[in-house]
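The values are calculated or read from the model by the stated rules, or taken from the named source; none is laboratory data. Everything numeric here is computed off the predicted structure, so don't read it as measured data. Here the Cβ positions follow ideal geometry from the backbone for every residue, glycine too, while neighbour counts run over all protein chains shown.
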Ligand code: NDP
């Protein structure tokens, strides 16, 4: 399999190569084979990208919002037309099953562009009546914005950041995760084809040092990172030392709370979606599943039955429900957590092995795994695993479960399953999490702001909220009388 792009980087509307950059091999996680060879950006490439963005930004910001929106909507159409090929590329880059990438990746990116193309047209400032004089506020672009992506939703992350940034009149430089560099290049070509002027969306490849160079460059105004909490802290520190705007979309260890009166099959379906989609590599996953004592045993029994039926295998086969995790390091990390769960006394209810898959011997597969009898202090209940490993914990009382659910440094997401709706709202109101679901899990429509409390994040993506994070507010006071000066 070979999906070698025309070059490593995309700058000023065209592909650019600099073989002086560190080699970057792209692996297909299902087999471990190299499917593309790229180079990380050299300082010269970083400079070219930022200069192209700087040069293009002001005339873009002067266009009417409706004109910017028209181009983004065209890009959305192209993403939809090419969904099949983009999904295949995303599957090869990430190992996620094609049945997921066909509906969740380029398709959600298209929805996002369509939403921002429309939303920008009514995202205006305010009129302020001052009783004679008046004032107005105006939303202005920040300038050149930087996006740094994680490897689980590469094209979606690229669009969730660049879509609102471009809509607001900014130029963008995106650094994908070095594990998944391919679909951002395809997106760059689509933007150009949709009519986006050269220089407004640039892709530079590389490792953390390239991300850091983009953030600390004097021309860039903002960074939005999707990644782990430790990376977020580093980037936030760097952005702070240069007084840049920053949005942090980071990791989690989110709770799903299932009360005795919940619909059993729906609660199990939600917990499985919240642990096994994308082989568990989803930031908002509800990896601590608290089940009330009266339902616990039935929940576990049925969960194990349904988990055993998950089809693991060839990601390009539309019947496959779960692919491998990202790479050898992630595989080792997940297996280490499974070993720690056993060692700390949790009960392995199902899964737990790295299965040998015929024809995919070099792949990074992990069985969907459920631990029961998990207690709050175990590592598998405290640390983000980022793999298909669910912890089931039992509880008795509402107050008790709220306190336990909140006892974490993270605060990205939370879910509650119950038929008692007053209780659902009461519990959600107490949970320290930025993104919550009642009787559902892990649905992230672009209309709804997404992001975390506590160490899980700062700022928001999606909804109208994100447009605020890609703009700055200008306040304008207008005098209608004379200047009353004592001098
Ligand atoms: P990492 O934190 O390892 O990396 C994120 C990105 O930051 C990568 O592009 C990485 O480059 C880059 N980077 C690393 N160090 C620096 C630095 N010092 N300065 C600038 N950039 C840097 O995350 P993963 O890619 O492993 O993704 C998994 C994590 O992302 C999980 O914790 C997950 O929860 C979180 N995530 C959060 C989401 C959210 O919206 N809240 C959504 C999806 C994932 P390189 O890859 O080269 O190291």
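Can you spot a residue in the range 315-324 that is surrounded by fewer than 14 Cβ atoms within 10 Å (Cβ to Cβ), over 24 Å from residue 404 (Cβ atoms) and in contact with a helix residue (DSSP H, G or I) (Cβ under 7 Å, 6 or more places away or on another chain)?
Checked against the condition, which is being surrounded by fewer than 14 Cβ atoms within 10 Å (Cβ to Cβ), over 24 Å from residue 404 (Cβ atoms) and in contact with a helix residue (DSSP H, G or I) (Cβ under 7 Å, 6 or more places away or on another chain), the range 315-324 yields at least one hit.
Tally time: how many residues in the range 432-447 are more than 21 Å from residue 406 (Cβ to Cβ) and either in contact with a strand residue (DSSP E or B) (Cβ under 8 Å, 6 or more places away or on another chain) or within 11 Å of the ligand (Cβ to nearest atom) (or both)?
The number of residues fulfilling the criteria is 2.
Every residue in the range 397-411 that is within 27 Å of residue 342 (Cβ to Cβ), more than 16 Å from the ligand (Cβ to nearest atom) and surrounded by 20 or more Cβ atoms within 10 Å (Cβ to Cβ), please.
Once the filter is applied, which keeps residues that are within 27 Å of residue 342 (Cβ to Cβ), more than 16 Å from the ligand (Cβ to nearest atom) and surrounded by 20 or more Cβ atoms within 10 Å (Cβ to Cβ), the range 397-411 yields 401, 405.
Residue 279 versus (1) out of contact with any helix residue (DSSP H, G or I) (no Cβ under 7 Å at 6 or more places or on another chain); (2) more than 9 Å from the ligand (Cβ to nearest atom); (3) under 25 Å from residue 404 (Cβ atoms); (4) touching a residue at least 24 places away in the same chain (Cβ under 8 Å): which is the lone unmet condition?
(3)
Are any residues in the range 33-45 crowded, with 17+ Cβ neighbours inside 10 Å and farther than 25 Å from residue 200 by Cα, and if so, which ones?
35, 36
Exactly one condition in (1) more than 16 Å from the ligand (Cβ to nearest atom); (2) surrounded by 15 or more Cβ atoms within 10 Å (Cβ to Cβ) is not met by residue 366; state its number.
Only one criterion in (1) more than 16 Å from the ligand (Cβ to nearest atom); (2) surrounded by 15 or more Cβ atoms within 10 Å (Cβ to Cβ) is unmet by residue 366, namely (1).
Return yes when residue 310 is more than 23 Å from residue 229 (Cβ to Cβ), away from the ligand (no atom under 16 Å from the Cβ) and either modelled with pLDDT under 95 or surrounded by 14 or more Cβ atoms within 10 Å (Cβ to Cβ) (or both) and no when it is not.
Yes: the conditions hold for residue 310.
Looking at 394, 471, 372 in this structure, which one is away from the ligand (no atom under 16 Å from the Cβ) and within 30 Å of residue 134 (Cα to Cα)?
471
Just for the range 1-15: of the residues that are out of contact with any helix residue (DSSP H, G or I) (no Cβ under 7 Å at 6 or more places or on another chain) and within 15 Å of residue 40 (Cα to Cα), which one is surrounded by the most Cβ atoms within 10 Å (Cβ to Cβ)?
8
Looking only at the range 412-431, count how many residues are assigned to a loop (DSSP other than H, G, I, E, B) and surrounded by fewer than 24 Cβ atoms within 10 Å (Cβ to Cβ).
4
Identify all residues within the range 432-458 that are in a loop (DSSP other than H, G, I, E, B) and either modelled with pLDDT under 95 or within 13 Å of the chain's Cα centre (by Cα) (or both); write none if there are none.
Of everything in the range 432-458, those that are in a loop (DSSP other than H, G, I, E, B) and either modelled with pLDDT under 95 or within 13 Å of the chain's Cα centre (by Cα) (or both) turn out to be 442, 443, 444, 445, 446, 449, 451, 452.
Return the total of residues in the range 186-195 being surrounded by 24 or more Cβ atoms within 10 Å (Cβ to Cβ) and either within 16 Å of the ligand (Cβ to nearest atom) or more than 22 Å from the chain's Cα centre (by Cα) (or both).
Final tally of qualifying residues: 1.
Six or more apart or on different chains, Cβ atoms under 9 Å: show the pairs whose first residue is in the range 282-302 and at positive phi and whose second is modelled with pLDDT of 95 or more and outside any strand (DSSP E or B).
none
Take the conditions farther than 25 Å from residue 200 by Cα and not in a loop (DSSP other than H, G, I, E, B) and apply them to residue 48. Does it pass?
When the stated conditions are applied, residue 48 does not pass them.
Hey, does the range 321-330 have a residue that's assigned to a loop (DSSP other than H, G, I, E, B), farther than 19 Å from residue 384 by Cβ and touching a residue at least 60 places away in the same chain (Cβ under 8 Å)?
Checking the range 321-330: at least one residue is assigned to a loop (DSSP other than H, G, I, E, B), farther than 19 Å from residue 384 by Cβ and touching a residue at least 60 places away in the same chain (Cβ under 8 Å).
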